[in-house]
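The values are calculated or read from the model by the stated rules, or taken from the named source; none is laboratory data. Just so it is clear, the model here is predicted, and its values are computed rather than measured. Note that we place each Cβ from the backbone using ideal geometry, even for glycine, and neighbour counts take in every protein chain shown.
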Amino acid sequence: MKINIIIAVCLVIVILGSVRTVKRRDLDLKYALTWFVSLICMLIIDIFPGFLSRLSDLVGIDLPINMVFFVGICFCLLLIFGMTVTISKQAEKEKRLTQELALLKKRVEQLEESGRY
Amino acid sequence: MKKLVIIPAYNEMGNIVKTVEDIIEHAPSFDYVVVNDCSKDDTKKICEAHGYNLIDLPVNLGIGGGVQTGYLYAFREGYDIAVQFDGDGQHNGSYLEDMAEKMERERLDMLIGSRFIENKGFQSSFLRRLGIRYFTALIKFVTGQKITDPTSGMRMVSRELIEFFAGQYPKDYPEPESVVTVLKKGNLVKEIPVVMNEREQGVSSISMKNSVYYMIKVSLAILLAAIRR
């Protein structure tokens, strides 16, 4: 029971910390939602351990902890996949911006030259 | 007819002057633009010192992004024909006028300068030729058309494809993939025999180390381009 309390305290601190990060606008609310939901799920599992054992019984996993690992790894993989998608999109935008910037730079230099002479 | 030569350049300070002078001398009806892909050497300085028409990318985009910048420029400046021309001294400017003439006469959308029609000049190493043959076979398989030199960076395109490439162009190793995309789009693609030189200075973008990655990546890109509509 002691470990449950320690974990609950840790989770609450992490949740408060992530709320603060969003408040300071260091983290976009769009991405923060995933973290809030997963942290709250962890908190529920921590406070009501019976919930997890019943759930793993239901899907036929003998050890509840295996269910935690399985779901946790799946969640991480999904998250990483989402991040690579985001990175790809950002790289595309960055490329476009770079190209526009280079063309603008060229245009400005041309205009400066034609103005000077 | 406004015609543009797009010269992508990354660390080509040893070759760029020769390349540009070659075009000015042998392809007088063409304008040219050097796209400096944030070179770490003095490519930019040399171009500025010579007063070359230069687009200077503020960050490195890689060959695809660099060439695409050239197409974007060609599109905005209203060019009817654009041709890619490597800044490493491998290509010969003397073919450009003939290529443009053939483009116009046969109303082509893309004309590729191929080393492997007459098999003259620098033919690349045995392993590379083997890789190129494989791509030729793969492209024949997915499109039905034989492209003898799908990795050739010397390619001339029409206004329609200038606009298309300005909108979308593969990021890295773009040559074989873009040929497939264009063929699948239903555009008319042909090849013309050219002689290429062995690069004199600088290094190729494809080394032995990443050639396996290159083969897999480009194969996948070709297959994807074939099923993408």
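Among the residues of segment B:14-55, those that are among the polar types (S, T, N, Q) and within 21 Å of B:Ala74 (Cα to Cα) comprise B:Thr19, B:Ser29, B:Asn36, B:Asn53.
The residue that is nearest to the other protein chains (Cβ to nearest Cβ), counting only those in segment B:46-72 that are without any contact (Cβ under 8 Å) to a residue 24 or more places away in the chain and part of a helix (DSSP H, G or I), is B:Glu48.
Residues of segment A:45-98 that are out of contact with any helix residue (DSSP H, G or I) (no Cβ under 7 Å at 6 or more places or on another chain), charged (D, E, K, R) and within 14 Å of chain B (Cβ to nearest Cβ): A:Lys89, A:Glu92, A:Lys93, A:Glu94, A:Arg96. For B:Thr19, state whether it is farther than 24 Å from B:Glu163 by Cα and of a type in the set (Val, Ile, Thr). In short, yes. Being within 12 Å of chain A (Cβ to nearest Cβ), more than 12 Å from B:Ile7 (Cβ to Cβ) and in contact with a strand residue (DSSP E or B) (Cβ under 7 Å, 6 or more places away or on another chain) is the requirement here; does B:Asp37 meet it? Considered against the rule, which asks whether it is within 12 Å of chain A (Cβ to nearest Cβ), more than 12 Å from B:Ile7 (Cβ to Cβ) and in contact with a strand residue (DSSP E or B) (Cβ under 7 Å, 6 or more places away or on another chain), B:Asp37 comes out as no. The combined condition, being in contact (Cβ under 8 Å) with a residue 12 or more places away in the chain, surrounded by 14 or more Cβ atoms within 10 Å (Cβ to Cβ) and within 25 Å of the chain's Cα centre (by Cα), is fulfilled by A:Leu11.
Quick grid of which residues meet (1) modelled with pLDDT under 95; (2) within 14 Å of B:Val189 (Cα to Cα):
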| position | (1), (2) |
| --- | --- |
| B:Ile55 | no, no |
| B:Gln84 | no, no |
| B:Asp88 | yes, no |
| B:Ile112 | no, yes |
| B:Phe116 | yes, no |
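Being more than 30 Å from A:Thr98 (Cα to Cα), more than 14 Å from every other protein chain (Cβ to nearest Cβ), part of a helix (DSSP H, G or I) and not acidic (Asp, Glu) is true of B:Lys140.
Applying the set (1) touching a Lys or Arg at 6+ places or on another chain (Cβ under 6 Å); (2) surrounded by fewer than 16 Cβ atoms within 10 Å (Cβ to Cβ) to B:Leu108 leaves exactly one unmet item: (2).
When A:Leu103, A:Leu78 are checked against the criterion of being farther than 30 Å from B:Gly51 by Cα, part of a helix (DSSP H, G or I) and aliphatic (A, V, I, L, M), a single residue qualifies: A:Leu78.
For (1) hydroxyl-bearing (Ser, Thr, Tyr); (2) out of contact with any Ser or Thr (no Cβ under 9 Å at 6 or more places or on another chain); (3) at pLDDT below 90; (4) outside any helix (DSSP H, G or I), each residue gets a yes or a no:
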| position | (1), (2), (3), (4) |
| --- | --- |
| A:Ala8 | no, yes, no, no |
| A:Ile15 | no, yes, no, no |
| A:Arg20 | no, yes, no, no |
| A:Arg25 | no, yes, yes, yes |
| A:Leu33 | no, yes, yes, no |
| A:Ile40 | no, yes, no, no |
| A:Ser53 | yes, yes, yes, no |
| A:Asp62 | no, no, yes, yes |
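Filtering B:Tyr32, B:Tyr52 for residues that are among the hydroxyl-bearing types (Ser, Thr, Tyr), more than 18 Å from A:Leu101 (Cβ to Cβ), surrounded by 14 or more Cβ atoms within 10 Å (Cβ to Cβ) and over 15 Å from the mean Cα position of the chain (by Cα) leaves a single hit, B:Tyr52. Answer yes if at least one residue in segment B:5-22 is crowded, with 16+ Cβ neighbours inside 10 Å, more than 17 Å from the chain's Cα centre (by Cα) and among the β-branched types (Val, Ile, Thr), and no otherwise. Within segment B:5-22 (the criterion being crowded, with 16+ Cβ neighbours inside 10 Å, more than 17 Å from the chain's Cα centre (by Cα) and among the β-branched types (Val, Ile, Thr)), the answer is yes, since at least one residue qualifies.
Between B:Gly64, B:Gly113, the distinction of being within 25 Å of A:Lys93 (Cα to Cα) and in contact with a Pro (Cβ under 9 Å, 6 or more places away or on another chain) belongs to B:Gly64 only. When segment B:73-91 is limited to residues that are assigned to a loop (DSSP other than H, G, I, E, B) and aromatic (Phe, Trp, Tyr), the one that is nearest to B:Val20 (Cα to Cα) turns out to be B:Phe85.
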